[in-house]
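The values are calculated or read from the model by the stated rules, or taken from the named source; none is laboratory data. Worth saying up front: this structure is predicted, and the values here are computed from it rather than measured. We place every Cβ from the backbone using ideal geometry, glycine too, and count neighbours over all the protein chains shown.
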Amino acid sequence: MTISIQKISKQENKIKFLVKEINYSLANALRRTAQEILILAIDTVEFYKNDSALSDEILAHRLGLVPLKTDKSFGEKDKCSCKGKGCIKCSVALKLKAIGPCTVYAKDFKVRGAEIIYKEMPLVILAKDQQLELAAQAILGKGKEHAKFSPGLVFYNSYPIIESKGELPKELIKICPLKAIKEEKGKVKIDPLKCDLCEACVEEYRNKEKTKAKYTLKISPSETDFIFTVESWGQLSPKEILIDSVKTLDKNLNNLSKQINKI
Ligand SMILES: [Zn+2]
């Protein structure tokens, strides 16, 4: 049994692939470790002026969710030589100043050492003469501590094992909400890569079974093959998220084995 990966679809910020011959534990470990990758996000905001309709707390929360990217190698603030005070080795300073009437966008931030990924992201609307002035500090963190440090979505579902006998009827095509059932060369087929095991077609079969269907249909989840979807928020590519997840998992296990050796 060897692990294999087959690409299903790939976009700039989203990939979908099939992994064969793993198990739930490994699939879950990979999914969870994605939330242990270090990601840069605004952590503290100091408001000098805020006349906007949003309160300081709500606006600060919004700013925390602005995806930031950096090429510089930062360290974690808590583990830095500055002892958590925040220095150029562990944090990025951002400034924002605006006077209404205007919409304040993410691109209005003045920042060095980091890049605003979605520049046209609206932050707040200012009415005439309303002012906003603030200084923020971005640091590295993990998604398991706060969702703003999350690199994206990583999720999976089991590959569907489709067992059927006889010819599937055309009426199943309309029943499938994911349009995974199609007619090919006169035969009705279920595409396992589009199926999410909702069993709408199986239910239709069960209902028909009472009136003696001329076919059988069973869909069950595989325990070894999984369809993974990785959608990035822009800080890392989906591939980088996966590679970093595997590296982090490896690091965690290494640390564990070192500790076990000490026993
Ligand atoms: Zn520092």
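Tell me whether region 48-59 contains one or more residues that are surrounded by 18 or more Cβ atoms within 10 Å (Cβ to Cβ), out of contact with any strand residue (DSSP E or B) (no Cβ under 7 Å at 6 or more places or on another chain) and modelled with pLDDT of 95 or more.
First pass over region 48-59, keeping only residues surrounded by 18 or more Cβ atoms within 10 Å (Cβ to Cβ): 50, 52, 59.
From the residues that got through so far, the ones that are out of contact with any strand residue (DSSP E or B) (no Cβ under 7 Å at 6 or more places or on another chain) too are none.
No - not one qualifying residue is present in region 48-59.
Would you mention how many residues in region 9-24 are loosely packed, with under 11 Cβ neighbours inside 10 Å and among the hydroxyl-bearing types (Ser, Thr, Tyr)?
1
Do we have LEU40 as touching a residue at least 40 places away in the same chain (Cβ under 8 Å), within 18 Å of the chain's Cα centre (by Cα), in a strand (DSSP E or B) and within 16 Å of the ligand (Cβ to nearest atom) here? Reasoning before the result, please.
Values: touching a residue at least 40 places away in the same chain (Cβ under 8 Å): yes; within 18 Å of the chain's Cα centre (by Cα): yes; in a strand (DSSP E or B): yes; within 16 Å of the ligand (Cβ to nearest atom): yes.
For LEU40, the condition - touching a residue at least 40 places away in the same chain (Cβ under 8 Å), within 18 Å of the chain's Cα centre (by Cα), in a strand (DSSP E or B) and within 16 Å of the ligand (Cβ to nearest atom) - is met.
List the number of the failed condition for VAL246; all other conditions in (1) in contact with a helix residue (DSSP H, G or I) (Cβ under 8 Å, 6 or more places away or on another chain); (2) surrounded by 17 or more Cβ atoms within 10 Å (Cβ to Cβ) hold.
In the conditions (1) in contact with a helix residue (DSSP H, G or I) (Cβ under 8 Å, 6 or more places away or on another chain); (2) surrounded by 17 or more Cβ atoms within 10 Å (Cβ to Cβ), VAL246 misses (2) alone.
In this structure, does ILE181 turn out to be surrounded by fewer than 17 Cβ atoms within 10 Å (Cβ to Cβ), farther than 30 Å from THR248 by Cβ and touching a strand residue (DSSP E or B) at 6+ places or on another chain (Cβ under 6 Å)?
Values: surrounded by fewer than 17 Cβ atoms within 10 Å (Cβ to Cβ): no; farther than 30 Å from THR248 by Cβ: yes; touching a strand residue (DSSP E or B) at 6+ places or on another chain (Cβ under 6 Å): yes.
Considered against the rule, which asks whether it is surrounded by fewer than 17 Cβ atoms within 10 Å (Cβ to Cβ), farther than 30 Å from THR248 by Cβ and touching a strand residue (DSSP E or B) at 6+ places or on another chain (Cβ under 6 Å), ILE181 comes out as no.
When only residues in region 75-101 that are in a loop (DSSP other than H, G, I, E, B) and in contact with an Asp or Glu (Cβ under 7 Å, 6 or more places away or on another chain) count, which is modelled with the highest pLDDT?
As a first pass, look at region 75-101 and keep what is in a loop (DSSP other than H, G, I, E, B): 75-76, 80-90, 100-101.
Within this subset, residues satisfying the condition of being in contact with an Asp or Glu (Cβ under 7 Å, 6 or more places away or on another chain) are 84, 90, 100.
On the way: GLY84: 83, CYS90: 89, GLY100: 86.
Here the residue is CYS90.
Looking at this structure, is VAL104 β-branched (Val, Ile, Thr), away from the ligand (no atom under 16 Å from the Cβ) and either in a helix (DSSP H, G or I) or in the same structural domain as GLY141 (by TED's automatic domain parsing) (or both)? Steps first, please.
Working: β-branched (Val, Ile, Thr): yes; away from the ligand (no atom under 16 Å from the Cβ): yes; either in a helix (DSSP H, G or I) or in the same structural domain as GLY141 (by TED's automatic domain parsing) (or both): yes.
Yes.
Is one or more of the residues making up region 124-131 surrounded by 19 or more Cβ atoms within 10 Å (Cβ to Cβ) and within 16 Å of the ligand (Cβ to nearest atom)?
No: zero hits.
Here's the yes/no breakdown for (1) assigned to a loop (DSSP other than H, G, I, E, B); (2) under 29 Å from PHE228 (Cα atoms); (3) in contact (Cβ under 8 Å) with a residue 12 or more places away in the chain:
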{"residue": "ILE162", "(1), (2), (3)": "no, yes, yes"}
{"residue": "VAL202", "(1), (2), (3)": "no, yes, yes"}
{"residue": "ARG206", "(1), (2), (3)": "no, no, no"}
{"residue": "LYS214", "(1), (2), (3)": "yes, no, yes"}
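Return the residues of region 216-244 that are among the basic types (Lys, Arg) and not in a strand (DSSP E or B); say none if nothing qualifies. Break it down into steps so the answer makes sense when it comes.
Within region 216-244, the first condition is being among the basic types (Lys, Arg), and the residues that meet it are 218, 239.
Answer for region 216-244, where residues must be among the basic types (Lys, Arg) and not in a strand (DSSP E or B): just LYS239.
For the subset of region 171-181 comprising residues that are closer than 21 Å to ILE161 by Cβ and more than 30 Å from the chain's Cα centre (by Cα), which member is modelled with the highest pLDDT? Talk me through it step by step, then tell me what you get.
Within region 171-181, the first condition is being closer than 21 Å to ILE161 by Cβ, and the residues that meet it are 172-173, 175-181.
Filter once more, so that each one left must be more than 30 Å from the chain's Cα centre (by Cα): 172-173.
Numbers: LEU172: 86, ILE173: 90.
Within region 171-181, the match that is modelled with the highest pLDDT is ILE173.
Going by what's in this entry, would GLY141 be described as within 16 Å of the ligand (Cβ to nearest atom) and assigned to a loop (DSSP other than H, G, I, E, B)? Even if it seems obvious, please write down each step before you answer.
On the way: within 16 Å of the ligand (Cβ to nearest atom): yes; assigned to a loop (DSSP other than H, G, I, E, B): no.
When the stated conditions are applied, GLY141 does not pass them.
Which one of the conditions (1) exposed (fewer than 13 other Cβ atoms within 10 Å of the Cβ); (2) farther than 30 Å from ILE227 by Cβ does GLN6 fail to meet, given that it meets all the rest?
The one condition GLN6 does not meet is (2).
Can you name the number of the only condition in (1) in contact with a Gly (Cβ under 7 Å, 6 or more places away or on another chain); (2) surrounded by 18 or more Cβ atoms within 10 Å (Cβ to Cβ) that GLU231 fails?
(2)
Mind telling me which of the residues LYS179, LYS148, LYS189 ends up being touching a residue at least 12 places away in the same chain (Cβ under 8 Å), of a type outside the set (Ser, Thr, Tyr), assigned to a strand (DSSP E or B) and out of contact with any Phe, Trp or Tyr (no Cβ under 7 Å at 6 or more places or on another chain)? Break it down into steps so the answer makes sense when it comes.
Details: LYS179 fails: assigned to a strand (DSSP E or B); LYS148 fails: assigned to a strand (DSSP E or B).
Of LYS179, LYS148, LYS189, the one residue that is touching a residue at least 12 places away in the same chain (Cβ under 8 Å), of a type outside the set (Ser, Thr, Tyr), assigned to a strand (DSSP E or B) and out of contact with any Phe, Trp or Tyr (no Cβ under 7 Å at 6 or more places or on another chain) is LYS189.
Report, by residue number, each residue of region 46-91 that is under 19 Å from GLU115 (Cβ atoms), away from the ligand (no atom under 16 Å from the Cβ) and touching a residue at least 60 places away in the same chain (Cβ under 8 Å).
Result: ARG62, LEU63, GLY64, LEU65, PRO67, LEU68, LYS69.
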